[in-house]
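In what follows, a single structure is set out as structure tokens and then discussed.
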Amino acid sequence: MGGRLRFIDVFRGLAIILMLHGHTADALLSPNEKASTIFQIYTIFRGFTAPMFLFISGFAFSITTLKNADEYLKLSPKFLKRIRKFLFITSLGYFLHLPYLSLKKLLNESSFEVLSALFSSDVLQVIGISLLTLQIMLFLSKDPVKFSKISLYAGIIVFLISPFLFMFDFSNFLPLFLSQYLNTFHGSKFPLFPWMGYILFGNYIGYKFTSNLKLGHAETFMSKIFKLSTLTFPVAFALEFGYEMIINSNQFLIYSSPFLSLSRLSFVMIVFYLIWKLEKAISLKFHPLQIFGMESLFAYVFHLMVIYGSPLNPTISFSALWRESLGYHHVFILFLSLAVIVFLTSYLLQMIKLQNHRTIDYLKYAIVNIVLLVFFLNPH
């Protein structure tokens, strides 16, 4: 675990824990519990969880990329390995949306609604496509400084144009697998717009952090972004409130509002600074959140499968057993149980990786190949 910036893993681990709790509550709480004032307030703060996860994905990408920038400016083995990794992450997102583990059934029995669900964009697709785009941008720019500026400008543009993209049903003139990336018209919970903006900003902040760290100015830089975010958050929040009053009930435009995106980004940056500061002040030999953060991809995929089900377990999941039928005390017990299981499994994966990293690779390839074989051969 040495050599890593631990606050990155701790921040990502915190986002994972918040997701575990949020998804468990979303799937299992009864309608009466969800109608309570406390849950409505919680829903507002829950909206910051995905931006946290996406922002730190972009930040971590920048930190790890700049360590070997020369390798990513050419068609090196490292570059190609990265491309495969991001395509795999994107594929995982689609796998979780599969209605059946059968290609034949998918081709013969899928309606527009089923295909809309299959091609809907979620967090994994946003991460995979966004990081793939960043990797290609760096390769084409051939200059980390220029690349970071492009990332900043692209993030601003993504936030600004999102409301305009939410005015059209792109499925009328684009293939569904493309149109689902552009807005929420047909069920995409996390289209690229505005969500990839958090990754683009995270990448830029990661570049600036690394540059200032080398110069010994990390403290000054982090203090500046904290002050800027603290000033920006209430302004953006007030602008969002006015924006919602003006457009009233148009949920599509509210969802894609640049003021909402900016307020969330500002809040994420404040939390980001506080985690960084606490990590410096409290030097723990072992931090549980770090384990969640280091195995964030496993934790994310596994908890979704347990809570909502997947092609591998369509009828055995929290949602299948207790969907929207439990009180909060039962939900909290299930959340804690799931968190413990994810932690222990993540810790075991880390121990195996430390002893022999290839073991995990072999296991991953075996699982993927078995699933693909079943998918292509299974008639039902």
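The values are calculated or read from the model by the stated rules, or taken from the named source; none is laboratory data. A quick note: this is a predicted structure, and the numbers were derived from the prediction, not measured. Backbone-built Cβ (ideal geometry, glycine too); neighbour counts: all protein chains shown.
Points to keep in mind about this one:
- Qualifying residue in the stretch 322-339 (condition: surrounded by 12 or more Cβ atoms within 10 Å (Cβ to Cβ) and acidic (Asp, Glu)): yes
Listed here are the residues, each with its yes/no results for (1) among the hydrophobic types (A, V, I, L, M, F, W, C); (2) closer than 21 Å to LEU372 by Cβ.
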site	(1), (2)
LYS105	no, yes
SER111	no, no
SER130	no, no
THR133	no, no
MET137	yes, no
SER148	no, no
SER151	no, no
PRO163	no, no
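- Residues (closer than 23 Å to GLY13 by Cβ and over 26 Å from the mean Cα position of the chain (by Cα)) located in the stretch 326-358: GLN355
- Scanning the stretch 18-60 for residues that are outside any helix (DSSP H, G or I), closer than 17 Å to PHE267 by Cβ and not hydrophobic (A, V, I, L, M, F, W, C) yields a single hit, GLY47.
- Qualifying residue in the stretch 81-96 (condition: under 17 Å from the mean Cα position of the chain (by Cα), hydrophobic (A, V, I, L, M, F, W, C), modelled with pLDDT of 90 or more and surrounded by fewer than 17 Cβ atoms within 10 Å (Cβ to Cβ)): yes
- Residues in the stretch 97-117 that are crowded, with 19+ Cβ neighbours inside 10 Å and part of a helix (DSSP H, G or I): HIS97, SER116.
- Scanning the stretch 156-188 for residues that are without any contact (Cβ under 8 Å) to a residue 60 or more places away in the chain and β-branched (Val, Ile, Thr) gives ILE156, ILE157, VAL158, ILE161.
- All helices (runs of 4 or more DSSP H) inside the stretch 289-380 with 2 or more residues being of a type in the set (Val, Ile, Thr): 296-308, 328-355, 357-377
- Any chance PHE252 is closer than 26 Å to HIS97 by Cβ, in contact with a Gly (Cβ under 6 Å, 6 or more places away or on another chain) and in a helix (DSSP H, G or I): no
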